[in-house]
Amino acid sequence: MPDEQVRFDRYLDAKGLNCPLPVLKTKLALNRMQPGEILFVEATDPHSVIDFEAYCARTGHKILRIDEADEIIGFTISRAENPRKI
């Protein structure tokens, strides 16, 4: 789903997973990344927008972009310098 202008360092396929799995898998992926690196996540859970926004607000990671097409939601997330633990 990402177009040519979306650049990311890692990709996570969370399609078909329901809450809380997309956020949990995202947390694990971000923990393995360096500050400032970009993670692109694809999810299909309709509640994932709320979940990702809450998770990033609590931890300090930044959602750069949210795209939705064909029931797939794409999240472009920048890893925080010093993420807060939750």
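Select from Val41, Val23, Val49 the residue whose mean-square fluctuation is largest in a Gaussian network model of the chain (Cα-Cα springs shorter than 10 Å).
Val49
Computed over the Cα atoms of the range 1-53, what is the convex hull's projected area averaged over all directions, in nm²?
Details: hull surface 15.2 nm².
Dividing the Cα hull surface by four gives the mean projection, 3.8 nm².
FYI, it's all coordinate maths here, none of it is from the lab. As the structure is a prediction and not an experimental result, all values here were calculated from the model.
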